[in-house]
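Participant: Sharing a structure with you now.
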């Protein structure tokens, strides 16, 4: 799309292509049915799997375009698109009363892991393009970005034992709730060139500038024991804190994109690539923290001092990454065209020191997308329907949690993510004036 886009979605893909669009139009592309499925073998401990399968429906991109008679070299466009969307819900429970698996005196163990992540990032953009000559165009788009995320995490560990006539219940828990909304802005500059059957494009996307951002965060870590043994109860503690309406800022990186397209009589073949620069570690949220602590002397140790000082800190970071895609458009009959494509979605995930890996449910794994569909063109309308399948080859990751404390030797989890989507597009071409 970067090199050969010639419809109003150029406001996002390459605003430099505006001058080469001959028909102002209104387009709607929607994921009518999308299933995100992730299976993580041993994701919560040896023998404890994690699974998420969520159905989502949302508009992918809505875009329009207009031209002015008095400014024939200029084109104007707007769009609303879903830039990032995630919906994940995972939970696991491990319960075992098989005494032979436990050390002497342990009768039962219960481990629970719950994880919920909801992410939605919407971009609204307006763009302008200028035709320098018959072969070269330049354009600029301005985007407003709205991003919201709600992330909830909970571990609960309970151990019940009977040893030396002292009945013991040991409970450990970790809980976290992060919620934020940010409004930001960024720019995209585009150049487009065409000569004969060839089309070329180049884009630069700037980092964002903050307009508004607020968030809520709460965390708790605790352990306690009910026992007749003072040694069991001496290690109990609790650290908990919550802050509402604190400042939040999510960062987007610099990005450079390039594309080339070859157009023959009935065939279009395109290639695009985009490079995203790294983002150094930063505070997404870092409110002043004054947690409730028991016992009061708990922070006296050097390790606990660091934990308490950054107890509500939320850090983020992203590595550099290069993604690419290829596309094919083949006319089958006068009004029907075959569409096919492949593109990568390599992860820029990089966990900063003290960061929170659960904010990134898309994970550290790389995805590959395959798509195919048909387009039916009428005089003033184009209808497109297609399917998209995304997958990741089997990859080893660290477990997201360990709710089975007697898992034996160290191990790694195996992740199997998949996405299925049915996509419908509609374009109305306004008559040329």
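The values are calculated or read from the model by the stated rules, or taken from the named source; none is laboratory data. Bear in mind that the values here come from a model prediction, so they are computed numbers and not experimental data. Cβ coordinates were reconstructed from backbone atoms using ideal geometry, including for glycine residues, and neighbour counts include every protein chain displayed.
Participant: Does residue 225 fit the bill of being in contact with a helix residue (DSSP H, G or I) (Cβ under 7 Å, 6 or more places away or on another chain), surrounded by fewer than 21 Cβ atoms within 10 Å (Cβ to Cβ) and either at pLDDT 90 or above or not in a loop (DSSP other than H, G, I, E, B) (or both)?
Facilitator: Criteria met by residue 225.
Participant: Give me the residue from the stretch 274-294 that is in a strand (DSSP E or B) and surrounded by fewer than 17 Cβ atoms within 10 Å (Cβ to Cβ) and, out of that set, modelled with the highest pLDDT.
Facilitator: The selected residue is 275.
Participant: Related question: How many residues does the stretch 249-268 contain that are more than 24 Å from residue 211 (Cα to Cα) and in contact with a strand residue (DSSP E or B) (Cβ under 9 Å, 6 or more places away or on another chain)?
Facilitator: 11
Participant: Is at least one residue of the stretch 276-296 on the phi < 0 side of the Ramachandran plot and free of Cβ contacts under 8 Å to residues at least 12 places away in the same chain?
Facilitator: Yes, because at least one residue in the stretch 276-296 is on the phi < 0 side of the Ramachandran plot and free of Cβ contacts under 8 Å to residues at least 12 places away in the same chain.
Participant: Then there's this: Looking only at the stretch 334-354, decide whether some residue is part of a loop (DSSP other than H, G, I, E, B) and modelled with pLDDT of 90 or more.
Facilitator: The answer is yes; a qualifying residue exists.
Participant: Residues being at pLDDT 90 or above, over 30 Å from residue 218 (Cα atoms) and buried (at least 18 other Cβ atoms within 10 Å of the Cβ): count how many of those fall in the stretch 141-163.
Facilitator: Counting residues in the stretch 141-163 that are at pLDDT 90 or above, over 30 Å from residue 218 (Cα atoms) and buried (at least 18 other Cβ atoms within 10 Å of the Cβ) gives 2.
Participant: Assuming residue 297 fulfils every condition listed in (1) over 30 Å from residue 384 (Cα atoms); (2) surrounded by fewer than 17 Cβ atoms within 10 Å (Cβ to Cβ); (3) under 28 Å from the mean Cα position of the chain (by Cα) apart from one, which condition is it?
Facilitator: (3)
Participant: Now for a different question. Go through the stretch 189-222 and give me each residue that's out of contact with any strand residue (DSSP E or B) (no Cβ under 8 Å at 6 or more places or on another chain) and either under 30 Å from residue 317 (Cα atoms) or not in a strand (DSSP E or B) (or both).
Facilitator: Listed by number, the list holds a single entry, 196.
Participant: Considering every residue within the stretch 73-80, establish whether at least one is within 22 Å of the chain's Cα centre (by Cα) and modelled with pLDDT of 85 or more.
Facilitator: Taking every residue of the stretch 73-80 in turn, at least one turns out to be within 22 Å of the chain's Cα centre (by Cα) and modelled with pLDDT of 85 or more.
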